[in-house]
Amino acid sequence: MPFVLKAVVAGLKEFPMLNTELDEEAEEVRYKEYYNIGIAVATDAGLMVPVVKNVDQKGILELASEVNELATKARNREISPAEMQDGTFTVTNFGAIGGEYATPIINHPETGILGLGAIEQRPVAEDGEVVAAETLPLSLSIDHRVIDGAEAAQFANTVIEYLEDPTLLLLES
């Protein structure tokens, strides 16, 4: 999950429209200057979304530890309301329960959510041949009042590039 969070932040930096919220009353889009990523966690009490704050300022090991800590607190119902606030974008992993694709629901007031399917071997075309390769299905839901599908697809493609080659994340500032 830490590499996914870093890849998402890299994508958000390239496509800042996805790191926004729509203020309907003021009829304006508010850009966020920080990267607080919600992580959807299935619990006995239903879905909870703890928020990893300032993902762009943390290393992979620190993120791994924080994600595990927040997920455990959510599952044990020990999470505070403050630990579930101020998200700018959310990631959900329905692949952890065997799902391949889903339509993730945007966590209001955010503009988007990225769903991860199960990593499994699937048939892919490679050099004109069909071979088995591990793939990670992604499902992106966006608020079309704020962003159009073309820009969202570019964001998704950028995230995919970072996930396919995580060394690119080392070049991120």
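The numbers here are math on the coordinates, done by the rules we state, and not lab data. None of the values given here were measured: they were computed from a predicted structure. All Cβ positions, glycine included, derive from the backbone under ideal geometry; neighbour counts span all protein chains shown.
Sum -39500 (n - 2.57) across every DSSP H segment of at least 4 residues in the chain, then divide by the residue count to get the 222 nm mean residue ellipticity, nearest 500.
That calculation yields -8500 deg cm²/dmol at 222 nm.
Once phi is turned into θ = phi - 60°, what whole-Hz ³J(HN,Hα) does the Karplus curve with 6.51, -1.76 and 1.60 give for every residue of region 11-24, x standing for Gly and Pro?
Karplus values, whole Hz, x for Gly and Pro: x, 5, 5, 7, 10, x, 4, 7, 10, 10, 9, 8, 8, 5.
Based on the mean of other beta carbon atoms within 10 Å per residue, what is the order of 58-65, 157-164, most packed first? Before the final figure, lay out each step's value.
On the way: 58-65: 13.9, 157-164: 16.6.
Most protected by this proxy first, the peptides run 157-164, 58-65.
Suppose the chain between residue 120 and residue 144 were pulled fully straight at 0.36 nm per residue; how much longer would it get relative to their current alpha carbon spacing? Write out the running numbers ahead of the final one.
On the way: separation 24, 0.36 × 24 = 8.64 nm, distance 3.06 nm.
Contour length minus Cα-Cα distance gives 5.6 nm.
At 0.36 nm per residue, and after removing the present C-alpha to C-alpha distance, how many nm does the segment from residue 75 to residue 127 gain when stretched out fully?
Working: separation 52, 0.36 × 52 = 18.72 nm, distance 4.46 nm.
That works out to 14.3 nm of additional length.
If you take every residue apart from residue 70 with its C-beta less than 12 Å away from the C-beta of residue 70, what net charge results, scoring Lys and Arg +1 and Asp and Glu -1? Please list the in-between numbers first.
Numbers: positive: 53, 73, 75; negative: 66, 69, 78, 83.
Neighbourhood net charge equals -1.
Choose one of 42, 111, 135: the residue whose Cα lies farthest towards the positive end of the charge dipole of the chain (beta-carbon charges +1 Lys, Arg; -1 Asp, Glu; about the Cα centre).
The residue sitting most towards the positive pole is 42.
Contact order normalised by length for region 20-103, with contacts defined as Cα pairs under 8 Å and 6 or more residues apart; what percent is it?
Values: 113 pairs, mean separation 27.3, N = 84.
Relative contact order for region 20-103 comes out at 32 percent.
Run the simple label-point estimate for residue 164 and residue 134 please: 7 Å along Cα→C-beta, distance reported in nm.
About 1.7 nm, to one decimal.
Could you tell me the relative contact order of the chain? Use alpha-carbon pairs under 8 Å, at least six residues apart, and round to a whole percent. Write down the numbers at each step before the final one.
Numbers: 312 pairs, mean separation 40.0, N = 173.
In percent, rounded to a whole number, it is 23.
Of the listed values (i) 16.3, 54; (ii) 16.3, 48; (iii) 19.0, 71, identify the label whose number matches Rg and Dmax of the Cα atoms in Å calculated from this model.
(i)
Between residue 154 and residue 62, what is 0.36 nm times their sequence separation minus the Cα-Cα distance? Round to one decimal in nm. Kindly include the intermediate steps, with their values, before the conclusion.
Numbers: separation 92, 0.36 × 92 = 33.12 nm, distance 2.84 nm.
Stretched out fully, the residue 154 to residue 62 stretch lengthens by 30.3 nm.
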